[in-house]
1. Inspect the range 76-84 for any residue being of a type in the set (Val, Ile, Thr), within 16 Å of ligand 2 (Cβ to nearest atom) and either buried (at least 18 other Cβ atoms within 10 Å of the Cβ) or more than 23 Å from residue 19 (Cβ to Cβ) (or both) and give the result as yes or no.
2. Looking at the range 49-68, is at least one residue in contact with a helix residue (DSSP H, G or I) (Cβ under 9 Å, 6 or more places away or on another chain), touching a residue at least 60 places away in the same chain (Cβ under 8 Å) and among the hydrophobic types (A, V, I, L, M, F, W, C)?
3. Please return the ranges of strands (runs of 3 or more DSSP E) entirely within the range 37-147 where 1 or more residues are basic (Lys, Arg) and more than 11 Å from ligand 1 (Cβ to nearest atom).
4. Take residue 50 and decide whether it is more than 17 Å from residue 137 (Cβ to Cβ), loosely packed, with under 15 Cβ neighbours inside 10 Å and not basic (Lys, Arg).
5. Is one or more of the residues making up the range 163-174 within 12 Å of ligand 2 (Cβ to nearest atom), among the charged types (D, E, K, R) and outside any helix (DSSP H, G or I)?
6. From the list 152, 156, exactly one residue is of a type in the set (Val, Ile, Thr), within 12 Å of ligand 2 (Cβ to nearest atom), over 10 Å from the mean Cα position of the chain (by Cα) and within 29 Å of residue 52 (Cα to Cα). Which is it?
7. Give me the pairs: first residue in the range 105-129 and free of Cβ contacts under 8 Å to residues at least 24 places away in the same chain, second residue assigned to a loop (DSSP other than H, G, I, E, B), beta-carbon distance under 9 Å, and six or more apart or on different chains, which are they?
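Since every read-out is calculated from the coordinates, none of them should be taken as a lab result. These numbers were taken from a predicted model, which means no experiment stands behind them. Positions of Cβ are generated from backbone atoms using ideal geometry, with glycine treated the same way; all protein chains shown enter the neighbour counts.
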Amino acid sequence: MVRAWFMNNETTDQRLEHHLNPPVFLNLDELFNNTGVEYFKISTETFETDGVLNKIRHERGYSYEDEIICSKECLQDYDEKLKIFFTEHLHTDEEIRFIVEGSGYFDVRNGKDDIWIRIEVVAGDLIIIPSGIYHRFTLDVKNYIRAKRFFVGEPVWTPHNRPSDEMSCRKEYLKKLETGFKCN
Ligand code: KMT
Ligand code: NI
């Protein structure tokens, strides 16, 4: 299962796990209720034929798909891109990633108290980060991830760095945080 935990605020190597002492983990329901982040387990061996990914794609209307590899060798402007990914931001649309190989961390802000939650993603994890939530991404110490990216319609990857509290997607996110996230 995907692991998620509350982070401490140490400013040492971003690629480390940064647990609280003692560690405090969240299960998938707690993660969803606190943040609206959704998670699906997908087989990396059979996803092309078993229909699980296709069902999600169809139900949620993902019409665009590509693949991103983050490694020193494969990602152009590696240092700059990784810096952008790790700068706290939000998007006007969901950020959907299916990890095919490798691993990394998505950090999302806990709704109520604004504390960072670190979500470890590994091969077989499909994560959906809601629009309007402040978040960031980092590689871990293995420095490698390959992920499929999905989008409804023409992709917009633009990060809006914090603070972007005046954006309507932010206001809508905060409303959902208050009234509760609905399961899809
Ligand atoms: C992003 O937008 O943060 C990324 O695409 C990170 C690499 S995909 C796991
Ligand atoms: Ni993002």
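1. yes
2. Checked the range 49-68: no residue is in contact with a helix residue (DSSP H, G or I) (Cβ under 9 Å, 6 or more places away or on another chain), touching a residue at least 60 places away in the same chain (Cβ under 8 Å) and among the hydrophobic types (A, V, I, L, M, F, W, C).
3. So the answer is 38-41, 95-109, 116-122.
4. yes
5. Scanning the range 163-174 turns up no residue that is within 12 Å of ligand 2 (Cβ to nearest atom), among the charged types (D, E, K, R) and outside any helix (DSSP H, G or I).
6. Exactly one of 152, 156 is of a type in the set (Val, Ile, Thr), within 12 Å of ligand 2 (Cβ to nearest atom), over 10 Å from the mean Cα position of the chain (by Cα) and within 29 Å of residue 52 (Cα to Cα), namely 156.
7. Once the first residue is free of Cβ contacts under 8 Å to residues at least 24 places away in the same chain and sits in the range 105-129, its partners that are assigned to a loop (DSSP other than H, G, I, E, B) give 114/134.
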